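Inspection log for the structure reproduced underneath, given as structure tokens.
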Amino acid sequence: KKEKIHPCTEVLHPLCAELLDRARIVVKDKAKDEVVCYKCEHHSFGPKDACGICGRRSGQANMLLCDFCGKGYHMGCMNPPMESVPEGEWFCSVVCGAKKKKADEEKKAAEEKAAREEAAKILQKAARDAAAKKAAEEKAAAEAAEREAAEKKAAEEKAAVEAAEKEAAEKKADEEKTAAEEAEKEDSKMDDAEDKEAEEKPATDGEGEAKAAEGNAAAVEAKEEVPMES
């Protein structure tokens, strides 16, 4: 018994229908090799789990499901009929196969893009971490250099203070030494003067005694020369 089909304007050859992804088709006239669109809103077929060619829901065990669109087809309804389930993926039309291939390529491209983006993120993070590490190392090196410079400056200032103190102490010691030498010279001069004075004093005393003796002798002589009055 033929299915009653409302006249449909979409009458296509099977190959044309396959290329246009019109997989759910019903043979209208096998002699003319024409088909009518299964999706036509005027068709009288059942639910979507029916065969996309004959429209029957029976024979589910012999029905192939398209790995792209998910539509089912009896293996015996295929042209030519299929005797066994094909290995791997199966597509109800060239268009579904092309779409599946395109979808796989897009998925692969998306995965590769995601992988590249993830790799770029990892590289960017690594670059940021390296830059942060380098900045931290440079900061630590700068701080160490500043500490070293400060310590060097402090050491130089301390050395300068010690040198100034040493110079002042040496100057003071020289002044004290000079003062001691001058005092010693003064003492020596005073001692020499005292010694000279001591040497000159006895001679002066002897001359005075001699003069006194001469004066006494002269006085005695003068006294003897004076005539005595009777």
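Here are some notes:
- For the range 85-97, the condition holds for at least one residue, the condition being that it is of a type in the set (D, E, K, R) and assigned to a loop (DSSP other than H, G, I, E, B).
- Count - residues of the range 71-88 that are over 12 Å from I53 (Cα atoms), modelled with pLDDT under 85 and either surrounded by 16 or more Cβ atoms within 10 Å (Cβ to Cβ) or outside the structural domain of Q60 (by TED's automatic domain parsing) (or both): 0
- Every residue from the range 70-107 that is of a type in the set (F, W, Y), more than 17 Å from R57 (Cα to Cα) and touching a strand residue (DSSP E or B) at 6+ places or on another chain (Cβ under 9 Å): W90
The values are calculated or read from the model by the stated rules, or taken from the named source; none is laboratory data. Keep in mind it's a predicted model, so treat the numbers as computed, not measured. Here Cβ is always computed from backbone atoms with ideal geometry, including for glycine, and neighbour counts include all displayed protein chains.
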